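K.L.:
One structure, as structure tokens, below. Some questions next.
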Amino acid sequence: MPTRLSVNVNKIAVLRNSRGGTEPGVLTAARTAVAAGAEGITVHPRPDLRHIRPDDVYALADAGLGVELNIEGNPFAPANDRYPGLLALVERVRPAQVTLVPDADGQITSDHGFDLAADAPRLAPLIAAFRDLGARVSLFVDPDAANLHLAAALGAERIELYTGPYAEAFAAGRVEEGLAPLRRTAERAAALGLGVNAGHDLNQQNLRTLKLALPGLLEVSIGHALIGEALYDGLATTVGCYLALLAD
């Protein structure tokens with residue numbers, strides 16, 4: 001089955017913020033990726049506004065890009081005077097999907113999934129609230145995540161597999177070691193009626209192997225490697241390369 005590519009444009013915002021001003025443009029990059037065939041755009045706003053800001057999220061939602069908008073974020077992170085909180089953002093822009101990620105404010109990037117048993121009491125009402133706003137809810141989980149049944153019981157519709165360990169194993173030549181826990185988790189998710197997404201450290205070297213190992217994979221969100229490769233080859237060309245790797 002086809003696997004959708006959602007392009008994460010956070011790194012465009014990092015470049016813009018490093019200089020100030022408006023360039024490179026997040027919305028321009030998103031439009032370029034969509035014109036090249038990307039089926040979604042992903043953003044991960046954080047309370048410290050280190051890259052994507054709320055105004056970027058609003059602009060992307062208002063632009064009518066014609067593809068799914070996926071907003072990632074920590075649902076437990078409190079609002080501040082510049083960041084309204086994840087629930088308020090989702091209420092304002094009504095994305096197709098919200099991916100809940102347990103990243104702390106100081107983390108450079110997401111590097112672990114939820115402890116579903118410990119986090120269930122706080123997640124349950126939030127998942128219900130996001131779904132009431134019309135968003136599909138995906139939970140970020142580790143390979144071989146414990147208590148995966150709780151994701152379905154809490155009302156999530158998908159999981160996103162954290163693929164960082166797989167990418168490390170792939171680079172070290174231990175491909176099956178990296179794939180096996182992802183395959184097991186995807187099979188368990190399917191048995192529970194959960195859709196499967198994946199993301200983190202995926203690139204043109206390791207993506208095709210992952211795609212073939214997980215035939216039910218619905219979506220990958222890729223930003224860091226894709227934007228880095230686009231510096232050399234161009235964004236439209238790079239998106240096309242990723243789409244080719246995901247083709248059946």
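Just so you know, all these numbers are worked out from the coordinates, no wet-lab data involved. The structure presented is a predicted model; accordingly, all values stated were derived computationally and were not measured. Using ideal geometry, Cβ is built from the backbone for each residue, glycine included, and neighbour counts are taken over all protein chains shown.
K.L.:
Taking the Cα centre of the chain as origin, work out the dipole magnitude from +1 charges on Lys and Arg Cβ and -1 charges on Asp and Glu Cβ, in debye rounded to 20.
P.N.:
320
K.L.:
Using Cβ contacts closer than 10 Å as the measure, can you line up V57, V26 from fewest to most? Before the final figure, lay out the partial values.
P.N.:
On the way: V57 22, V26 25.
In order of increasing Cβ crowding within 10 Å: V57, V26.
K.L.:
In the Gaussian network model of the chain, springs joining C-alpha atoms below 10 Å, which of D56, D142, D132 carries the largest mean-square fluctuation?
P.N.:
D132
K.L.:
Of A35, F114, A151, which is farthest on the positive side of the dipole of segment 4-246, counting Cα position, with +1 on Lys and Arg Cβ, -1 on Asp and Glu Cβ, and the Cα centre as origin?
P.N.:
Going by the Cα projections, it comes out as A35.
K.L.:
Taking all pairs of distinct Cα atoms, average 1/r, flip it, and tell me the Kirkwood hydrodynamic radius of the chain in Å to one decimal place.
P.N.:
Details: mean 1/r = 0.0554 Å⁻¹.
In the chain this quantity evaluates to 18.0 Å.
K.L.:
Of E229, E72, E157, which is the most mobile in a GNM of the chain whose springs link Cα atoms less than 10 angstrom apart?
P.N.:
E229
K.L.:
Further, regarding this structure: When all C-alpha to C-alpha distances in segment 111-248 are sorted into bins of 10 Å, what percent of pairs does each bin hold, rounded to whole numbers?
P.N.:
12, 40, 32, 15, 1
K.L.:
What is the distance in Å between the Cα centroid of segment 1-64 and that of segment 194-248?
P.N.:
Segment 1-64 and segment 194-248 have Cα centres spaced 16 Å from each other.
K.L.:
On to the next question. What is the extension gain from F76 to A128, computed as 0.36 nm multiplied by their sequence separation minus the C-alpha to C-alpha distance, in nm to one decimal? Intermediate results must be reported in sequence, preceding the final value.
P.N.:
On the way: separation 52, 0.36 × 52 = 18.72 nm, distance 1.42 nm.
That works out to 17.3 nm of additional length.
K.L.:
For an R0 of 30 angstrom, estimate the FRET efficiency from the Cβ-Cβ distance between V175 and D115 and round to the nearest 0.05.
P.N.:
In this case the efficiency is close to 0.60.
K.L.:
Net charge near A225: determine it from the other residues with C-beta under 14 Å of the C-beta of A225, scoring Lys and Arg +1 and Asp and Glu -1. Please list the in-between numbers first.
P.N.:
Details: positive: K11, R208; negative: E168, D201, E229, D233.
So the surrounding residues net to -2.
K.L.:
Continuing with the same structure: Picking from T32, T22, T238, which is most flexible by a Gaussian network model of the chain using Cα springs under 10 Å?
P.N.:
Of T32, T22, T238, the most mobile in the Gaussian network model is T22.
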